[in-house]
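Down below is the structure, laid out as structure tokens.
The values are calculated or read from the model by the stated rules, or taken from the named source; none is laboratory data. Fair warning: this is a prediction, and the values are worked out from it, not measured in the lab. Note that we place each Cβ from the backbone using ideal geometry, even for glycine, and neighbour counts take in every protein chain shown. Areas reflect the complete protein model, heavy atoms only, side chains present, ligands, DNA and RNA absent. Shrake-Rupley method; radii C 1.70, N 1.55, O 1.52, S 1.80 Å.
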Amino acid sequence: AGTEQGKANAARAISWLANDAPTRTLIVKEGALTLLAKMLRTGNEDDKMNATRAMLWIAHDEPHRARILDADALPSLIALLSPSRASDLGAGKNVCGILEHLFVDARLRELVGQHGAAGTLAAAAYSRGCAWASEARTLLLVLCPTQEDSGRALMTMHLKCAELSAERDAAASSLESFASLAGPVAKGHDVVFCCTDGERIGGIRLLIARASPHYERMYLGGTESAIVEPDLDFSSAAHRAMLGQLHAMGNAVLPAKIEVRLELLSLAAKVRTGGGGGDGGGEEVAARVLERCKRGVVDSLCADNCLTVLLQLKPCTAD
């Protein structure tokens, strides 16, 4: 059976030996594709890189292409094209190369399509920062004619969803840059939040009021004063984070420290509860920040910080 390290070493060796045509014929004959398929499912990033590199060489030979599918490697190959791995240049590029060879055969193209490759390719094709977006778009154009009418309609839907998702990401990225407008007091700021620890956070009244009727009512409404005192129950770091979110309509990067992220969660909950009406959608912005904080806290949980999270959440849940 061999050790896991031994299998990883074997996959690495195969990835280099497979560039020789007679050698890769022997590799396939000896059943190495089964090992490579397992590396795709259970291996680390290096294992997946080596496995896809070896399969890319093997896919050069027409007689071996169907064997890749027989080894049950296709689901794992498609999974490696997920937009969540969009910055992983090597493995994704290798998979695109493998599919390009498989698509030469109409029957194999059809089988790949039946495994849901269209949706994953479409998402990768329009994912911001995807290293293999161009290859994914090319593969989609090749895959499309092999689908039945219903399949083409489904693919069109996938493409449209991917385009809309890309537009949404671009809009969010643009809004995200507005978060930097909240920070140390500077020229252009027309409101200053003076926190209990002495920190002064500058902001732009119009953006804050637009994003949050609660903030407008509590701190800005009915006064032209440029100096306000924010909620004493929260630290300056939490207020700084919330003001950044308000300037970016809830699209700013979450704080790196989980303690501040928890405080921001509590502050967003308080703002949402007191949001009131208004055209700015303050409740919506606060709700967006709240949900993003919840997901961010869950994603950040580990053995080292779970007690801290529970202790800090306790006063929040008591309300």
Over region 26-96, what percent of the accessible surface lies on carbon and sulfur atoms, probe 1.4 Å?
52 percent
About its Cα centre, region 31-128 carries a charge dipole, from +1 on Lys and Arg Cβ atoms and -1 on Asp and Glu Cβ atoms, whose size in debye to the nearest 20 is 180 debye
Loop-located chymotrypsin sites (Phe, Trp or Tyr not before Pro) in region 87-135, at most 14 other Cβ atoms within 10 Å (DSSP):
none
For region 228-277, build the charge dipole from Cβ charges (+1 Lys, Arg; -1 Asp, Glu) around the Cα centre, then report which of LEU246, SER236, LEU267 sits farthest towards its positive end.
LEU246
Between HIS115 and LYS257, what's the calculated FRET efficiency when r is the beta-carbon distance and R0 is 51 Å? Round to 0.05.
0.75
I want to check the label-to-label distance for VAL104 and ASN44. Put each point 7 Å from Cα in the C-beta direction and report it in nm to one decimal.
3.5 nm
Relative contact order (percent, whole number), region 40-111, Cα cutoff 8 Å, 6+ residue spacing:
37 percent
Over 26 Å (Cα to Cα) - which of LYS38/LYS93; LYS48/LYS257; LYS93/LYS294 fall in this group
LYS48/LYS257; LYS93/LYS294
Among residues other than ARG200 whose Cβ falls under 12 Å from its Cβ, what is the net charge (Lys/Arg +1, Asp/Glu -1)?
-2
